[in-house]
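Participant: Pasting a structure below so you can have a look.
The values are calculated or read from the model by the stated rules, or taken from the named source; none is laboratory data. Note that the coordinates shown come from a computational prediction; the quantities given were computed from them, not determined experimentally. Cβ coordinates were reconstructed from backbone atoms using ideal geometry, including for glycine residues, and neighbour counts include every protein chain displayed.
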Amino acid sequence: MSNDTQPAIVLEKVNKWFGQLHVLRDVSLTVGTGEKVVVCGPSGSGKSTLIRCINRLETHQEGRILVDGTELTDDTRALDTIRSEVGMVFQSFNLFPHLTILENCTLAPIWVRKMPKVEADALAMEFLTRVKIPEQALKYPGQLSGGQQQRVAIARALCMRPKIMLFDEPTSALDPEMIKEVLDTMIELAESGMTMVCVTHEMGFARQVADRVLFMDQGEVVESGTPVEMFERPQTDRLKLFLSQILRGH
Amino acid sequence: MSTATTTHISVPGREQPPMLVAGPVAWARANLFNSIGSSLVTLALAYFLLKYAASFIDWAFIKSVWTVPMDPATGKLDPTACRAAKGTGACWAVIWDKYRFILFGRYPFEEQWRAAIVVVLFIGLFVTSAMRRFWRRELALIWVATLTAIFVLMWGGVFGLRYVPQDEWGGLPITLILSTFGLACAFPIAVLVALGRRSTNLPAVKLLCVIYIEVIRGVPLISLLFMASVMFPLFMPEGLNPDKLLRAQVAIILFAAVYLAEVIRGGLQALPKGQYEAADALGLSYWKKMGLIILPQALRLVIPPLVNTFIGFFKDTSLVLIIGIFDLLTSGKVAVADPIWQAFSTEVYIMLGLIYFCFCFSMSRYSRGLEREFSKSVRR
Amino acid sequence: MSSTSTDPRVTGTRKAPGKGVTLSWSDPRLRAIVWQVVIVGLIGAGIWYLVSNTAANLEQRRIATGFDFLGTVAGIPIGEHLVPYDPSVNTYGRAVLVGILNTLMVTVVGVVLVTLLGTAIGIASLSDNWLLSRLCAVFVEVMRDVPLLLHLLFWYALLLTLPPVREAMMVLPGLFLSNSGLKVPLLVWEPAHSFAMLALMAGAIATWLAGRRATRIQHATGVRPKVWPVAVVALVVVPVGVWALLGAPFTLEMPVKGRFRFAGGGLISPEFMALMIGLVLYHAAFAAEIVRSGILAVPSGQWEAGGALGLKRGTMLRQIVLPQALRVIIPPMTSTYLGVAKNSSLAVAIGYPDLVSIVGTTLNQTGQAIEGIALIMAVYLTISLSISLFMNWYNARLALVER
């Protein structure tokens, strides 16, 4: 159903309310295959809500969202198919604490893609090696550091061989010395050609990897452009203010 | 790729989401009818609720008999109106006739105002202890003073009050005395047992505490009450004959101390080891460390489960019915034994249920509110 | 990272020096010993005091000691007994055995019903349907805030207002409800039924084996064969077939309404019904709350991660949520089971002959209070300690592995 000329993600005038609060206002966005988009903005701007709408962890009330050509609706079977093509990495890792690292990674391939166990184990080891922690395969999440857990989360998402990877502030819950190892993994993933939408405050990562940066504030996309354009030549006042606050923190 | 915008014109925020998203219709759609199964459940439940609520209201209020006249022949109340309504209407006349007996037992009629004040004092004590601004050392003094006042009022013999012996006490005051006094006396014992259970230096003491805790936790309260009523007299030397209420109170204290000790132990365990270490590093002795640093924090942590334990004991005091002590439940049961009102136990039990429910529900709401507050202040 | 066999900390030959006790008050070990001796001594003295008083009192009141009374004929009539019992022939020991069996039966039936009802209500209270979840919350709150004894008295009084045997209500053909209990038809047990039961047990084992085979096949090929057809055949078709082949006997001994009593059939007494209804409703409310907290304790991130991976809701529940929820549910649920066991002792208030009730009567007749109460406590302690031991073992097994 998907072909390379079709964009990976399309949002058309998406609106979402939480009760009376209008959290996404007429957001439109197109992400092409292999494109890397970074979304930044102050807290409460709706950036997390935006990417959670893409794999329907949140539902939008108005507008259309198309992932890999398929529209997101309440049809659960289509939804499961879409979700297996879209991988997500959470801020709080959300690893399954009662399963080993290996079992965390093989759970979905076995139960969703109906892979035999031996094949799933090999696949998981391949991705655990790629994120550089194959020796932890038989440990439990509670025994790993934060940085290691997040890398496992990335490997777990990759085991489903998704076409698109979503990252919801993947390094915000990590101690500073562990941020680098996770960012390095994400950079390697970007360089291999994966379509990525990433919500993050890590500007260095954005500069190195992003094709496009979106700045969101109060539920709408205020400015967008290449990293150079956005960081060196911000046009709107709001983006200028945000950048000054971020850079002061560094 | 796209170009950067120079000026950005904001999309106006809309306050009113589309009609199908918020408002009472949307609420009903989301919460009552959001799927076929859910709609069927709503309809079925609504039907049964209305049907049974209607018939209950009919029985309890519309067709019920509120008072019955006096029978001139016998001088007692004539329950024929109630009997005629049996099955279709409730007989609340039994409550009007017997409520003082149910609430106060066999306490002398003219002195029942003292028992009533005692109940009010207890409620006041609970409410005061619940309010945060009274959580200071002085609270212990307030407790001691109030409990003394309560016993003075119940016994009498001083200040011109008539003396009322203990076997005439009964009803709600007994329930409150057994549970509150039991908890208050069990508390210091529980602290000692909890500390002993956790002690590493004194293995003999730890073993004794473990045996005590496991034995009491493994047996039903009723066996302890039997022990109190039948065995305690055997333990006492010649001539010393403790009163039945006192024996039951001791059994309840021994029982409560164990459950409180477990709750306190949970608090001691939850406290970070750093607190113990900091206190040691300051050179504090064991008792100073416990009294100034550890216990204040640990006890604060476990107030919600402590309140839940108290609720449990409030209900457990009803077991004294089985050894013949007149608490609220016993008074109710005896009230129904009156030949006039024998068939109307349901109404009396409903009234008792309401009284217990009021006490227990308010305490449980309070403890849940506390739990919510405490978990908010502990940032994860 | 890991120490090799040449690490001198591990393979060294020096041992840690031992510790002696110095006879000085500043030595904490000496203080510890002294304190323990003092405390144990005080408690021992207290116990000796109580014991000597007791011995004197017992002698003075000419009360026998020892458990010989268990061998004497009881004369206590007992309404419900799982083993044959005749008051004029059987001993106190037999009566106590009847009591223990009754208590165990109430406990087992109670635990099963409490688990079923509690889980159902707990899950229902989490439903999207506002009416259903509110109703469950109300049920839980009302049942919990009323003492168990009041529950029992209320239901017992209610059951006693049923019409007398003459006017017994027929709920279903053969099922009669009156104030002397629920009369049920009894199945006349034939060998065919025993064989059908055996077939059922074999079917249960077969179903379990089929489940394991399905998991093996899933690991090997990725496709999980359906287990439910095997279950249906093993648990339904085969036992029914066995029964049919052996002649399909099905005679019911129906209760026949006489003037004052029923002839034939089995009877569930109002005491038993009131005890079960009260115990189950009261404890199911606590169980529902435990199940609810257990499921809520699983962080929503787990649900989201499962959903983001594309897992279906059923798979998510079974593989991710339930295992984590069970860890939180099992410890307090075991306390609830213990509560059911201990609270069954309240049967004495409504006249159901459980252990406490029978020993209480025995105690009154023989005057041997100490032996009686010791007996009660010993039985309950055994039940409680076995449940506690199991819980500790299970808890340790399930603990999440951490750093």
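Participant: Within segment B:67-82, how many residues turn out to be on the phi < 0 side of the Ramachandran plot and loosely packed, with under 14 Cβ neighbours inside 10 Å?
Facilitator: Keep residues of segment B:67-82 that are on the phi < 0 side of the Ramachandran plot, which gives B:67-74, B:76-82.
Retained after the next criterion (residues that are loosely packed, with under 14 Cβ neighbours inside 10 Å): B:67, B:69-74, B:76, B:80.
Going through segment B:67-82 one residue at a time, the tally reaches 9.
Participant: Oh, and also: Can you tell me how many residues in segment B:161-213 are acidic (D, E) and surrounded by 21 or more Cβ atoms within 10 Å (Cβ to Cβ)? If you could, list the steps in order and put the result at the bottom.
Facilitator: First pass over segment B:161-213, keeping only residues acidic (D, E): B:167-168.
Add one more test, that the residue is surrounded by 21 or more Cβ atoms within 10 Å (Cβ to Cβ), and what stays is none.
Number of matching residues: 0.
Participant: Taking the condition of being of a type in the set (S, T, Y), over 17 Å from A:S48 (Cβ atoms) and in contact (Cβ under 8 Å) with a residue 24 or more places away in the chain, how many residues in segment A:185-201 meet it?
Facilitator: Qualifying residue count for the region: 2.
Participant: Output the helices (runs of 4 or more DSSP H) that fall wholly within segment B:270-380 and possess 1 or more residues being aromatic (F, W, Y), or say none.
Facilitator: Working: elements: B:273-281, B:295-301, B:303-316, B:328-337, B:345-377.
In segment B:270-380, B:273-281, B:303-316, B:345-377 are the helices (runs of 4 or more DSSP H) which contain 1 or more residues that are aromatic (F, W, Y).
Participant: How do the pairs read when you match residues in segment B:206-219 that are under 20 Å from C:I33 (Cβ atoms) with residues anywhere that are crowded, with 19+ Cβ neighbours inside 10 Å, using Cβ under 8 Å and keeping only pairs 6 or more apart or on different chains?
Facilitator: Listed by first residue and then by second, the contacts come to B:K206/B:G196; B:K206/B:R197; B:L208/B:G196; B:C209/B:V193; B:C209/B:G196; B:C209/B:R197; B:C209/B:A261; B:V210/B:R197.
Participant: Further, regarding this structure: Answer yes if at least one residue in segment C:178-185 is within 14 Å of chain B (Cβ to nearest Cβ), touching a residue at least 24 places away in the same chain (Cβ under 8 Å) and assigned to a helix (DSSP H, G or I), and no otherwise.
Facilitator: Among the residues of segment C:178-185, not one is within 14 Å of chain B (Cβ to nearest Cβ), touching a residue at least 24 places away in the same chain (Cβ under 8 Å) and assigned to a helix (DSSP H, G or I), which makes the answer no.
Participant: Do the conditions hold for B:K333, that is, is it within 21 Å of C:F286 (Cα to Cα), out of contact with any helix residue (DSSP H, G or I) (no Cβ under 6 Å at 6 or more places or on another chain) and within 10 Å of chain C (Cβ to nearest Cβ)?
Facilitator: no
Participant: Going by the structure shown, is C:L279 modelled with pLDDT of 90 or more and surrounded by 13 or more Cβ atoms within 10 Å (Cβ to Cβ)?
Facilitator: Yes; evaluated as a whole, the condition is true for this residue.
Participant: Taking the stated definitions as given, is C:W228 within 28 Å of the chain's Cα centre (by Cα) and aromatic (F, W, Y)?
Facilitator: So C:W228 fails the test.
Participant: Now, a different point. Confirm whether C:A325 is modelled with pLDDT under 90 and more than 22 Å from the chain's Cα centre (by Cα).
Facilitator: The answer is no for C:A325.
Participant: Moving to a separate point now. Exactly one condition in (1) in contact with a Lys or Arg (Cβ under 8 Å, 6 or more places away or on another chain); (2) away from chain B (no Cβ under 12 Å) is false for C:Y380; which is it?
Facilitator: Failed condition: (2).
Participant: Could I ask something else about it? For segment B:83-188, which fully contained helices (runs of 4 or more DSSP H) count at least 1 residues that are in the same structural domain as B:M351 (by TED's automatic domain parsing), out of contact with any strand residue (DSSP E or B) (no Cβ under 7 Å at 6 or more places or on another chain) and over 30 Å from C:P163 (Cβ atoms)?
Facilitator: The helices (runs of 4 or more DSSP H) meeting that bar are B:112-130, B:138-155.
Participant: Looking at (1) outside any strand (DSSP E or B); (2) modelled with pLDDT under 90; (3) more than 14 Å from chain C (Cβ to nearest Cβ), which is the only condition A:P97 fails?
Facilitator: Looking at each condition in turn, A:P97 falls short on (3).
Participant: While we're looking at this one, here's another question. Scan segment C:355-377 for residues that are of a type in the set (G, A, S) and more than 9 Å from chain B (Cβ to nearest Cβ) and report the count.
Facilitator: 3
Participant: Let me ask you something else. Answer yes or no: is there a residue in segment A:44-54 that is among the basic types (K, R), assigned to a helix (DSSP H, G or I), within 12 Å of chain C (Cβ to nearest Cβ) and surrounded by 20 or more Cβ atoms within 10 Å (Cβ to Cβ).
Facilitator: The answer is yes; a qualifying residue exists.
Participant: Which pairs have Cβ atoms under 7 Å, sit 6 or more apart or on different chains, and link a residue in segment C:371-392 that is assigned to a helix (DSSP H, G or I) to one that is of a type in the set (F, W, Y)?
Facilitator: Close Cβ pairs satisfying both conditions: C:E371/C:F67; C:I373/B:F226; C:I387/C:Y337.
Participant: Scan segment C:287-317 for residues that are among the basic types (K, R) and either within 11 Å of another protein chain (Cβ to nearest Cβ) or in contact with a strand residue (DSSP E or B) (Cβ under 6 Å, 6 or more places away or on another chain) (or both) and jot them down.
Facilitator: C:K312, C:R313 - these are the residues of segment C:287-317 that are among the basic types (K, R) and either within 11 Å of another protein chain (Cβ to nearest Cβ) or in contact with a strand residue (DSSP E or B) (Cβ under 6 Å, 6 or more places away or on another chain) (or both).
Participant: Among the listed residues A:G204, A:G193, A:G219, which satisfies the condition of being at the interface with chain B (Cβ under 9 Å from one of its Cβ atoms), farther than 15 Å from A:F167 by Cα and either surrounded by fewer than 20 Cβ atoms within 10 Å (Cβ to Cβ) or over 17 Å from the mean Cα position of the chain (by Cα) (or both)?
Facilitator: A:G219
Participant: Here's another thing I want to ask about it. Suppose we filter segment B:38-65 for residues that are of a type outside the set (V, I, T) and surrounded by fewer than 14 Cβ atoms within 10 Å (Cβ to Cβ); how many remain?
Facilitator: Matching residues across segment B:38-65 total 16.
Participant: Under 8 Å by Cβ, and 6 or more places apart or on different chains, what pairs join a residue from segment B:275-286 that is free of Cβ contacts under 8 Å to residues at least 12 places away in the same chain with one that is in a helix (DSSP H, G or I)?
Facilitator: Here the result reads B:D280/B:K289; B:L284/B:L292; B:L284/B:I293, each pair linking segment B:275-286 to a residue that is in a helix (DSSP H, G or I).
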